[in-house]
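Student: Here it is, the structure in full.
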Amino acid sequence: MQLTVVTWNVKGSSGVDTALAARHLRETGADLVALQEVQRHQARRIAKALGAASLHWSFKHWPVVTWPEGMAVIGVTRAVTARGRPLSHRWRPWSWRRRIVVDATLPVDGGRVLRLLDLHLTPDTGSGRREIEVGLVLDGMVSNHDGPVIVAGDLNDRPTGPVPDLLEAGGLRDAWLASGGDPDGGFTNWHGWEPGTTELPAQRLDYVWVSTGIGVGSASVPAPGDDGFATFASLSDHLPFSVTVDVAHG
């Protein structure tokens, strides 16, 4: 079974253009979409525009001054079952530091179940919290799952940081590298972003990691010079990252 998985932090608090976001997602041929920083009504509009088979939105935190922020997994061509699970600050629903994972499952060939974990790890560098959060995911949701696993999202860590090391030690592979992507490329984020910036994205924070046995085909991120690239800079401080995988032998 081949699937195209897209992860995207859409920075919904800035009022993302959901029609434009859906158009970009449609152009990738997405089967499964993992969104971060998305409000519930935004996720609904994107899913509706895509004609999605399923949508699950999970509450992350409520900043009070605007709508609650959350994360979503959209099953575009295939319905998925999902639930949100807290990773940190469980009882602080107003804190942006609260972190969750959306744990989605999808039946695949041979009676197996694919597990897609949508993550947005803490941006606190040097606190050790990112390592704790990814450790909870690896210990509680990856190591005890018999079927194929995909971890996707905004990990807030660069390729040389501790989080990629932990994911690799947990038996997962970076799909960008597995696809033959440039180890020094694939940038997905603008540091100090302002809407419509003409600066180039300069860091890779968004990933798809896959378990052993999942085949990785193409992987792509919009790049300067691509048609329509300038529109991404008005949408979010992150670019969508898409990967085509084969879970037939995962």
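Student: Given the criterion in contact with a His (Cβ under 8 Å, 6 or more places away or on another chain) and within 27 Å of Gly15 (Cβ to Cβ), identify the matching residue among Arg40, Arg98, Arg115.
Tutor: Being in contact with a His (Cβ under 8 Å, 6 or more places away or on another chain) and within 27 Å of Gly15 (Cβ to Cβ) holds for just one of Arg40, Arg98, Arg115, which is Arg98.
Student: Let me ask you something else. Considering Val64, Val33, which residue is at pLDDT below 95 and among the β-branched types (Val, Ile, Thr)?
Tutor: Val64
Student: Hey, can you tell me all the residues within segment 71-97 that are touching a residue at least 12 places away in the same chain (Cβ under 8 Å), surrounded by fewer than 17 Cβ atoms within 10 Å (Cβ to Cβ) and in a loop (DSSP other than H, G, I, E, B)?
Tutor: Answer for segment 71-97, where residues must be touching a residue at least 12 places away in the same chain (Cβ under 8 Å), surrounded by fewer than 17 Cβ atoms within 10 Å (Cβ to Cβ) and in a loop (DSSP other than H, G, I, E, B): Thr77, Arg78, Ala79, Arg92, Pro93, Trp94, Ser95, Trp96, Arg97.
Student: Quick one: which residue in Ser220, Ser236 is crowded, with 21+ Cβ neighbours inside 10 Å, of a type in the set (S, T, N, Q) and touching a helix residue (DSSP H, G or I) at 6+ places or on another chain (Cβ under 9 Å)?
Tutor: Result: Ser236 is the single residue among Ser220, Ser236 that is crowded, with 21+ Cβ neighbours inside 10 Å, of a type in the set (S, T, N, Q) and touching a helix residue (DSSP H, G or I) at 6+ places or on another chain (Cβ under 9 Å).
Student: Among the residues in segment 58-70, are any outside any loop (DSSP other than H, G, I, E, B), buried (at least 22 other Cβ atoms within 10 Å of the Cβ), free of Cβ contacts under 8 Å to residues at least 40 places away in the same chain and more than 14 Å from the chain's Cα centre (by Cα)?
Tutor: For segment 58-70, residues outside any loop (DSSP other than H, G, I, E, B), buried (at least 22 other Cβ atoms within 10 Å of the Cβ), free of Cβ contacts under 8 Å to residues at least 40 places away in the same chain and more than 14 Å from the chain's Cα centre (by Cα): absent.
Student: Which condition number does Arg45 fail, the rest of (1) more than 22 Å from Asp237 (Cβ to Cβ); (2) part of a helix (DSSP H, G or I); (3) basic (Lys, Arg) being met?
Tutor: (1)
Student: Do you know which residues across segment 98-137 are free of Cβ contacts under 8 Å to residues at least 60 places away in the same chain, under 21 Å from Gly171 (Cβ atoms), part of a strand (DSSP E or B) and touching a Pro at 6+ places or on another chain (Cβ under 8 Å)?
Tutor: If the condition is that a residue be free of Cβ contacts under 8 Å to residues at least 60 places away in the same chain, under 21 Å from Gly171 (Cβ atoms), part of a strand (DSSP E or B) and touching a Pro at 6+ places or on another chain (Cβ under 8 Å), then Val113, Arg115 are the ones that fit.
Student: Name the single residue, out of those in segment 5-44 being touching a residue at least 60 places away in the same chain (Cβ under 8 Å) and charged (D, E, K, R), that is surrounded by the most Cβ atoms within 10 Å (Cβ to Cβ).
Tutor: Glu37
Student: Just name the residue that is farthest from Asn156 (Cα to Cα) out of those in segment 1-42 that are more than 14 Å from the chain's Cα centre (by Cα) and part of a loop (DSSP other than H, G, I, E, B).
Tutor: So, considering only residues that are more than 14 Å from the chain's Cα centre (by Cα) and part of a loop (DSSP other than H, G, I, E, B), the one farthest from Asn156 (Cα to Cα) is Met1.
The values are calculated or read from the model by the stated rules, or taken from the named source; none is laboratory data. None of the values given here were measured: they were computed from a predicted structure. Every residue, glycine among them, receives a Cβ derived from its backbone with ideal geometry; neighbour counts consider all protein chains shown.
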